[in-house]
């Protein structure tokens, strides 16, 4: 990620139907609002995977900056499992799934994560990001979206891409959008780069 001067938040453009399931607010993470974390819940993992593919296509045909996306499933015990984390490389050379997986560290404590999210290089990176700050208010809101026995998609994007990403995720049951400060976003990229390097070995 390159350093940027602070920008004013985008004006809200969602229509009334989107408002019914869009919980966009700003809590806890705000300093300059340069980035946003979107968490969307879908009726099934297949639909979350289809949304992932839609975002890939959106990135290919536009100049929107989408730093990371990962599909996640929360089982009946409340544990969060990641989808594939090595699928799509970003323009900056990182991997969408790794960046998106590490971004989960802003949301869930390690005790809730399972499988690839809990162990190995990605798990270690998630743990470091999780230690940035305690964000219980954010976690409570996100846990109300990614509930047990549900599937979802987590995306880290520049704030200028938020409106287009919401439109691309129109089939989601519910969406939460949180502003992320540049320092936290840079930490996610830094830890994702370390995890990617470790995955090569």
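All of the numbers you see were taken from the coordinates with simple rules; none came from a lab. Note that this is a predicted model, so its numbers are computed, not measured. All Cβ positions, even for glycine, are placed from backbone atoms using ideal geometry, and neighbour counts span all protein chains on display.
The table for this structure:
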{"item": "Two-site FRET efficiency, residue 186 against residue 144, from Cβ-Cβ distance with R₀ of 35 Å, rounded to 0.05", "result": "0.80"}
{"item": "Two-site label geometry, residue 49 and residue 76: point separation in nm, points 7 Å out along Cα→Cβ", "result": "2.2 nm"}
